[in-house]
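The values are calculated or read from the model by the stated rules, or taken from the named source; none is laboratory data. Since we're looking at a predicted model, the values are computed, not measured. Cβ sites come from the backbone with ideal geometry, for glycine too, and all protein chains shown count toward neighbours.
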Amino acid sequence: MTTTQPGRPPIVDMATWQAARDELLVREKAHTREGDAIAAARRRLPMVEFDGKVEVVGPAGPVPFVELFQGRDELVVYKHMWWDGAPHQGQCEGCTVTAWALKDAAYLNARGVSFAILTPGRWDEVAAFTEFMGYTQPWYSVRDVAEPVGGEMGYIMCFLREGDRVFLTYSTTGRGGEVASGHFALLDMTPYGRGETWEDTPEGWPEGQHACWTWRSDPDGNPSWGPTSRPVPQWTRPGVTPEQTLGRE
């Protein structure tokens, strides 16, 4: 009992579906085990010591980087890109999406891991942006701070503390940062996936669009990178619609 509709998976009975699902499960389990092996290798990476007293700027003014651990031994940070002088909707779409997905670090904290977001923006601009977005996680400006605290943005980085000594243990960027945004993994489970051109999809599926096409939308929720668009999470903020400074400039 198999029928096919344009742009849809074949329709089969439950037994046929279960057999196909079980076949794929073998590959999924192998993928999980390989991920476990990679994580084990990641735990065995060497680490680099740097000056944990280097100052970053937060709501209370300059503080040494080591304070971001909040007394815990481990710290994960996301390094958020920044456009000086841009309106809120002109900030990095990808970083905005990632920061929105990382609003709550309760489970990291319960495991003894602190979390913070670093950005090279001037603190007055950063403070206004985080208030507008309703972020609850700690943010700090690392303007003019050298790597690994400052430097290139768009990274997830992990640090370890021994007293006042601080070490960099891991760093990833690009698609490595997708781990922070669970919606990517959920979309990958759906029939149409992310709807992006690079994906391997069956013939007749909806035509894919450019990578990350859903990161911005217009006031009606339509994906758009035009002059009236902004990062998707911003439309949930109270009062954002009347903003007069739409666009990237």
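Annotations
- Residue check, Thr119 farther than 17 Å from Val48 by Cβ, at pLDDT below 95 and buried (at least 17 other Cβ atoms within 10 Å of the Cβ): no
- Qualifying residue in region 37-57 (condition: modelled with pLDDT of 95 or more and within 19 Å of Ala128 (Cα to Cα)): yes
- Qualifying residue in region 90-98 (condition: touching a Lys or Arg at 6+ places or on another chain (Cβ under 8 Å) and within 25 Å of Gly226 (Cα to Cα)): yes
- Contact map, region 6-19: first residue at pLDDT below 90, second residue among the acidic types (Asp, Glu), Cβ cut-off under 7 Å, separation 6 or more or different chains; the map is empty.
- Restricting region 152-178 to residues that are free of Cβ contacts under 8 Å to residues at least 24 places away in the same chain and surrounded by 12 or more Cβ atoms within 10 Å (Cβ to Cβ) leaves a set whose member that is farthest from the chain's Cα centre (by Cα) is Ser171.
- Residue among Phe69, Phe50, Phe65, Phe132 that alone is touching a residue at least 12 places away in the same chain (Cβ under 8 Å) and under 24 Å from Pro231 (Cβ atoms): Phe132
- Neighbours by Cβ (under 9 Å, 6+ apart or cross-chain): first from region 201-228, surrounded by fewer than 13 Cβ atoms within 10 Å (Cβ to Cβ); second of a type in the set (Val, Ile, Thr) and outside any loop (DSSP other than H, G, I, E, B): Gly221/Val232
- Scanning region 10-65 for residues that are part of a loop (DSSP other than H, G, I, E, B) and basic (Lys, Arg), we see that the one that is surrounded by the most Cβ atoms within 10 Å (Cβ to Cβ) is Lys53.
- Among the residues making up region 202-216, a single one is within 28 Å of Pro10 (Cβ to Cβ) and outside any loop (DSSP other than H, G, I, E, B): Gln209.
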